[in-house]
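Just so it is clear, none of the values below were taken in a lab; they were calculated from the coordinates. Since this is a predicted model, take the numbers as computed values, not measurements. Here the Cβ positions follow ideal geometry from the backbone for every residue, glycine too, while neighbour counts run over all protein chains shown.
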Amino acid sequence: MIEHIPDLVDAGIDSFKIEGRMKTALYVATVARTYRKAIDDYFESPEKYESNISWYKEEIAKCTYRQFSTGFFYGKPTHENQIYDSNTYINEFVYLGTVLEIKDGKCLITQKNKFCVGDTIEIMKPGGNNIKTNVIDMMDENGEHMDSCPHSKQPVWLTLSEVPDVYDILRMESEKA
């Protein structure tokens with residue numbers, strides 16, 4: 001429905017529920033951020049919203065891909081509108097963690113998926129900007145340098161080529177994408 005924000009607003013809808021059950025944190029964050037930006041852009045200027053539709057669709061496709069539909073919003077779907085294919089998701093990006101703290105130019109995350117020193121990752125900003133950055137160094141909570149962080153939920157201090165802000169989300173392009 002990202003392409004139909006004007007119709008949703010005209011219908012009087014003032015609150016959206018983003019599906020989150022059985023979804024990754026990255027999916028929920030990406031979809032919520034993208035819809036927030038689309039709505040804000042629409043209220044700022046319908047032309048701005050229209051000019052950014054391809055960006056909204058690209059962002060949502062980064063965290064999962066399946067065919068999208070308008071569901072029952074425009075009436076009962078016909079058999080041409082029903083999606084009967086596999087419900088399998090292809091994640092183009094993986095969630096690495098959310099920045100919890102910044103100290104001396106380093107950021108602390110609780111790592112969710114494996115990544116390594118030298119990897120190029122993205123910083124997702126709440127306003128919609130994505131900043132590519134390189135992992136220069138990583139240390140465990142005891143200050144020991146590591147080449148990679150293979151243990152989920154491990155606190156990791158990162159030195160990145162771009163310093164993120166607290167609550168920014170870190171993600172990396174999936175090798176399977």
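I'd like the Kirkwood hydrodynamic radius of region 93-173, using the inverse of the mean 1/r over distinct C-alpha pairs, in Å.
12.1
Placing unit charges on the Cβ atoms only, positive for Lys and Arg and negative for Asp and Glu, gives region 93-173 a dipole magnitude near 280 debye about its Cα centre. Legend: residue pairs 37/132; 23/106; 62/125; 37/153; 37/106, Cα-Cα distance threshold 23 Å; pairs beyond threshold, 23/106; 37/153; 37/106.
Projecting the Cα atoms of 151, 126, 136 onto the charge dipole of region 93-173, computed from C-beta unit charges around the Cα centre, puts 126 farthest toward the positive end.
Averaging the Cα positions of each part gives two centres, and for region 21-64 and region 114-177 these lie 23 Å apart.
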